[in-house]
Structure formats: C-alpha cells, structure tokens
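The values are calculated or read from the model by the stated rules, or taken from the named source; none is laboratory data. Being a predicted model, the structure only gives us computed values, none of them experimental. Cβ: placed from backbone, ideal geometry, glycine included. Neighbour counts: every protein chain shown. Note: accessible area is taken over every heavy atom of the protein model, side chains too, but ligands, DNA and RNA are not part of it. Shrake-Rupley method; radii C 1.70, N 1.55, O 1.52, S 1.80 Å.
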Amino acid sequence: MDGNTNKYKLKAVIFDLDGVICFTDTYHYQAWKAIADAQGIYFDEKINNRLRGVSRMDSLDIILERSERSYSAGEKEKLARQKNEIYRDLLKKMTPEDLPQDVKATLEALKERELKVAVGSSSKNTKMILRQIGLEGFFHAVSDGTNITFSKPNPEVFLKAADMLGLQPGECLVVEDAEAGIQAAHNGGFLSAGLGAASDYEWTDYPLKRVSDILNVIK
C-alpha cells in the first residue's frame, strides 16, 4: 500500500454481501416483482438495478414511485414484510454451492495472511444467507440491516463493522459492487475496491475484475 494514500496499515477487509460474496439478485428481483405485480405497478430489471445496496424500505419507496396511489406507513410495512417472507422462502434454495470458489479461496487466503474479515451489508437476512452458503461463524464481525439505522450511501454499516473489529476506517478495505456502497465507504473514510459496475465509479480506489484481485491490493 502507498503510504501517501493510506496512513494506516490495512488490517481488515469488509465485504458487501449481495453481488460480492454471493449472488441473491435474482431472488430479490423475484420477490419485489411479486409485490409490484400484486399492486399493479410496473417493475423491471432497470428499476431493480436502482435497488442495489439500498435498504428494504427505501427500495419499496423506489418501486412505489410508479404507483397511482399513495401508501400509508402501515401499508408500506405490510408490503415490505410480505416481500421479505417471499425472499426468505427463496433463500432456502441456497447451499454452499452458491459460494463461488474464487470468493472462498480469497477469504481463506486473507485469514492465512492474518487479516480480519467482516461483512457490511444492509440486508437483514445477512446471517441467514451466510448460514445457507456455509459461512456461518467464519467472519470476525457481521454488521447488517439488523444493527443499523441508515442505509448506504450512509457509512454506518461499515463504521459499525470497523468498530466491531476494533479498528479505524483507514485500516479497513471495503469491497463493493454498488455505487451506493462505494460512496458509503468514501463517506466513512475507508479505502474501497469495486466490482462490476462499481469498478469504474469515480470514488473507487481499486477496480477489481474478480474478488481474488484484492490479494494483489493487499501485499
């Protein structure tokens, strides 16, 4: 690492979950599509892309933008709860086979290098997903939608992960696939590595083609 870029020595990597460690986008899409269809609201993949890295309630607000009626807070809570029930049923299909080998090997290599690893995800289903893909208890810290108030691009989820690790933001590298996540990392004072669409985002410090590329960042 260039000392001019980061005054701390990197001691941990904080991973987003969906789109980085595993891929649940199709399940999110199916669940939100079911809700939108039931409400007679148009919903497609383009709209779904706007939900990446966004909390459940904020995602619902995006979907309801196309509605011809307004929804009370109680109605929104009910719809969000229904979406989560559908989504959790779909998640039960996941197995350790849904953990990409590149990701598994990278996580193990980081631990061998004595770096701490954590998850920073807005999802309230993070722990269930980790259990389904065989990573329950693997991470030194898990910060998720159950212990935060603000969703990305607010840096809260990453700041809490760093606090759980007993580290400063500058000692942690955040790995994200969404611009909102990269922005959150930047806002919190973290270095960031971006995958997919986030790889060429202006605030991304290290563009990645695959998760294992971070092994070349942390030498």
| message | Under 9 Å between Cβ atoms, which residue pairs at least 6 apart in sequence (or on different chains) link something in the range 114-129 that is within 15 Å of K92 (Cβ to Cβ) with a partner that is among the polar types (S, T, N, Q)? | response | N125/T24; N125/N84; K127/T146; I129/T24; I129/S121; I129/S123
| message | Going residue by residue through the range 91-99, is there one that turns out to be within 26 Å of D213 (Cβ to Cβ), more than 14 Å from the chain's Cα centre (by Cα) and of a type in the set (D, E, K, R)? | response | yes
| said: Every residue in the range 170-187 that is part of a helix (DSSP H, G or I) and either crowded, with 24+ Cβ neighbours inside 10 Å or of a type in the set (A, V, I, L, M, F, W, C) (or both), please. | reply: A180, G181, I182, A184, A185
| Residues satisfying the stated conditions in the range 69-83, i.e. in contact with a helix residue (DSSP H, G or I) (Cβ under 7 Å, 6 or more places away or on another chain) and either closer than 20 Å to T146 by Cα or part of a helix (DSSP H, G or I) (or both) | K76, L79, A80, Q82, K83
| Just a yes or no: is a residue in the range 36-46 free of Cβ contacts under 8 Å to residues at least 40 places away in the same chain and at positive phi? | yes
| How do the pairs read when you match residues in the range 89-111 that are closer than 16 Å to F139 by Cβ with residues anywhere that are open to solvent by 60 Å² or more (accessible area, probe 1.4 Å) and of a type in the set (K, R), using Cβ under 9 Å and keeping only pairs 6 or more apart or on different chains? | P96/K104; V103/R210; T106/R210; L110/K116
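Please find, within the range 127-168, the residue that is surrounded by the fewest Cβ atoms within 10 Å (Cβ to Cβ) out of those that are among the β-branched types (V, I, T) and in a loop (DSSP other than H, G, I, E, B).
Applying the first criterion (among the β-branched types (V, I, T)) to the range 127-168 yields 129, 133, 142, 146, 148-149, 157.
Subsequent filtering for residues that are in a loop (DSSP other than H, G, I, E, B) retains 133, 146, 148-149.
Values: I133: 23, T146: 11, I148: 21, T149: 8.
Out of the qualifying residues, it is T149.
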| message | Looking at the range 188-218 only, could you name the residues that are among the β-branched types (V, I, T) and either under 14 Å from N154 (Cβ atoms) or in a helix (DSSP H, G or I) (or both)? | response | V211, I214, V217
| request: Go over the candidates E156, E171, E136 one by one and state the one that is under 18 Å from R56 (Cα atoms) and of a type outside the set (S, T, N, Q). | output: E156
| task | State all residues of the range 128-159 that are more than 20 Å from G189 (Cα to Cα) and hydrophobic (A, V, I, L, M, F, W, C); if no residue qualifies, say none. | result | M128, I129, L130, I133, L135, F138, F139
| Which of the residues belonging to the range 35-61 are surrounded by fewer than 16 Cβ atoms within 10 Å (Cβ to Cβ), within 21 Å of D18 (Cα to Cα) and not acidic (D, E)? | K46, N49, R50, M57
